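**Q** Below you'll find the structure I mean.
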2 protein chains.
Amino acid sequence: MKFSKATNYALHTMVYLVQQEANKSIGVQQIAETFSVSPTYLSKILTKLVKAGIIESASGANGGYRLRRKREEISFLEVIHAIEGVNSLFTGCLNNNDQCAIQRVMFEAEGQMEHYLKEKKLIDVSVHSEMKI
Amino acid sequence: MKFSKATNYALHTMVYLVQQEANKSIGVQQIAETFSVSPTYLSKILTKLVKAGIIESASGANGGYRLRRKREEISFLEVIHAIEGVNSLFTGCLNNNDQCAIQRVMFEAEGQMEHYLKEKKLIDVSVHSEMKI
DNA sequence: GCGTGATTACTCGGATACAAGATGTCCGAGTTTGAGCGG
DNA sequence: CCGCTCAAACTCGGACATCTTGTATCCGAGTAATCACGC
């Protein structure tokens, strides 16, 4: 039970994109250099974010990735869900009871964490956060 | 990022043990049959719980496992930490900044979940829970 | 009846096998921009 | 000056390769209770 590196890459990339000038596409090469990770692997991660509708890609020269929605709206939870999936962290119950009390506790615990991550926006940790004052 | 099956087994076993008569040792065979899992694998999981000081084992005939502490005291978090480890779910930061804002957010989120799991005791989901009224 | 040894029913730990998922690479295909060139 | 072509700079997607981790099994060793047997 650990967050994957992919999630780490995705979060850093998203914060990076949030800090960029609006509507400006950033190439995957540039992002990969910034964080010293493999461009090809990073592009796979970004593809997931595109499919989740968080960012969009532009093909061709001067292409790259940019935010699809307002930068203030994007939460940590969205990014994490896009990479890790939205399924529950705790799967299956051993007793055939469909109202497993253990499962309910784990769901609730997970909900506590997700609630926090849903309220926390990317811009809260970006250098643009001062603009909110 | 998922809780392992081992955690699932451990939690079910612990709730099962909490429901047993005090100071009575239960064989791993019996527990494994109850949940239809492999006895040998289950014994490895229980070894971790023993090392964590949550339960204790008795060798020989009529041996088995029993709680080491008061049943009311044992929290979900203890069991999970014994199996999954106590390390943070989110590791490493890409920018060499040691005060990585993203990491701080993730730590806090994790803390939200752990707080809930720490307060939640095994007995809260056991059939003995009515005794608390 | 009583000690002693054998048997039985357990746990413990290491070694190993297997499967799945995370991580990372390679390459061909499609797409857009922009430069170069000819009319 | 205009339009065409071509090259360059990108992303996209699938197919792999590799590594780690979770899951599971097997087996020998140790340990404690109980049973059997002989005195």
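We did not get these values from a lab; they are worked out from the coordinates using the rules stated. Remember, it's a predicted structure, so these values are computed and weren't measured experimentally. Please note: Cβ atoms are built from the backbone with ideal geometry, for glycine as well, and neighbour counts cover all protein chains shown.
**Q** Given label points at 7 Å from Cα along Cα→Cβ, what nm distances, shortest first, separate B:A52 from the same residue in every other copy?
**A** Inter-copy label distances (nm, one decimal, shortest first): 2.9.
**Q** With +1 on each Lys and Arg Cβ and -1 on each Asp and Glu Cβ, how big is the dipole of chain B about its Cα centre, in debye rounded to the nearest 20?
**A** Roughly 340 debye, rounded to the nearest 20.
**Q** Which distances, shortest first and in nm, link A:K70 to the matching position in the other copies, using label points set 7 Å out along Cα to C-beta?
**A** Distances to the matching label points in the other copies: 5.3 nm.
**Q** Given the rule -39500 (n - 2.57) for each run of at least 4 DSSP H residues, summed and divided by the residues of chain A, what is its mean residue ellipticity at 222 nm, to the nearest 500 deg cm²/dmol?
**A** -15000 deg cm²/dmol
**Q** Where a Cα-Cα gap under 25 Å defines reach, which lysines qualify for A:K118, not counting those fewer than 8 residues away within the same chain?
**A** Straight-line reach from A:K118, under 25 Å: A:K2, A:K5, A:K44, A:K48, A:K51, A:K70, A:K132, B:K2, B:K118, B:K120.
**Q** In addition: Under 8 Å for C-alpha pairs, at least 6 residues apart: give me the relative contact order for region A:20-88, rounded to a whole percent.
**A** 34 percent.
**Q** Sticking with this one: How far is the Cα center of region B:16-91 from the Cα center of region A:1-59, in Å?
**A** 42 Å
**Q** Taking B:S88 in one copy and the same position in all the others, each labelled 7 Å out along Cα→Cβ, what are the pairwise distances from the first, in nm, shortest first?
**A** So the label point of B:S88 gives 2.8 nm to the other copies.
**Q** GNM, chain A, Cα, under 10 Å: largest mean-square fluctuation among A:A109, A:A82, A:A58?
**A** A:A109
**Q** So what are the ³J(HN,Hα) numbers for region B:23-38, from phi and the Karplus equation (6.51, -1.76, 1.60; θ = phi - 60°), rounded to whole Hz, Gly and Pro as x?
**A** Coupling constants for region B:23-38: 6, 9, 7, 10, x, 5, 4, 4, 5, 4, 5, 4, 9, 6, 10, 6 Hz.
**Q** Residue-wise, which Karplus ³J(HN,Hα) couplings in Hz belong to region A:73-83, taking 6.51 cos²θ - 1.76 cosθ + 1.60, θ = phi - 60°, and x for glycine or proline?
**A** Values per residue, Gly and Pro as x: 8, 7, 9, 4, 4, 4, 4, 5, 4, 4, 8 Hz.
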